[in-house]
Amino acid sequence: MPAPHPGPFVVIAEFKVKPGALSDFLALAQDDARSSVAHEPGCRCFDVAVSSDDPQTVVFYEVYDDRAAFDAHLETPHLARFRDGFPALVAEERPVRFLHRSCCGAETA
């Protein structure tokens, strides 16, 4: 098993939303995002973005202190609400990507 990486753990999730379901999907996503930032001390950022080229494509950009903080996120009631609601709203759930952030442009030296 590889050694844990220092620094923030990044999660990128992408969904193709069914036609006519975007507003319901975004309501679920915003509940999860806002609850994550408000109630999870290890969640640094949770952005929900809609593609300019394809408004049915929604991307989550999540930053956690580390993998353990993300694993704690997986057990939260707000994620359970999202998981219960989103399958009926999406045409495709694309593979989740995991990264380790090496730099944040908002941070100054």
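The values are calculated or read from the model by the stated rules, or taken from the named source; none is laboratory data. Quantities reported herein were computed from a predicted structural model and do not represent experimental measurements. Methodologically, a virtual Cβ is constructed for each residue, glycine included, from the backbone with ideal geometry; neighbour enumeration extends over all protein chains shown. Just so you know, the surface numbers come from the protein's heavy atoms only, side chains and all, with ligands and any DNA or RNA stripped out. Shrake-Rupley method; radii C 1.70, N 1.55, O 1.52, S 1.80 Å.
Quick check: convex hull over the Cα atoms of the stretch 1-107, volume per residue in Å³, rounded to an integer? Intermediate values should be presented prior to the final figure.
On the way: hull volume 12.8 nm³, N = 107.
Each residue corresponds to 119 Å³ of Cα convex hull volume.
Here the chain exposes an accessible surface that is 57 percent carbon and sulfur, computed with a 1.4 Å probe and the other protein chains kept in place. Summing Lys and Arg as +1 and Asp and Glu as -1 over all other residues whose Cβ lies under 9 Å from the Cβ of A88 gives a net charge of 0.
Just from its helices, what would the mean residue ellipticity at 222 nm be for the chain, if runs of 4 or more DSSP H residues each count -39500 (n - 2.57) and the sum is divided by every residue, rounded to the nearest 500 deg cm²/dmol? Helix-only estimate at 222 nm: -9500 deg cm²/dmol.
Applying 0.36 nm per residue to the separation of R81 and K18 and subtracting their alpha-carbon distance, the gain on full extension is 20.8 nm. Put the Cα centre of the stretch 49-74 next to the Cα centre of the stretch 8-41 and the gap is 7 Å.
Please give the net charge around V10, taking every other residue with its beta carbon less than 13 angstrom from that of V10, where Lys and Arg add +1 and Asp and Glu add -1.
Every neighbour counted, the sum reads 0.
Electrostatic tally near A38: other residues with Cβ closer than 15 Å to its Cβ, Lys and Arg +1, Asp and Glu -1, net -2. If you take the square roots of the eigenvalues of the alpha-carbon gyration tensor of the stretch 48-109 and sort them as a ≥ b ≥ c, do you get rounded (a/c under 1.5), prolate (a/b over b/c) or oblate? It is oblate, given that a/c is not under 1.5 and a/b is not larger than b/c.
On a per residue basis, the chain carries 61 Å² of accessible surface, using protein heavy atoms and a 1.4 Å probe.
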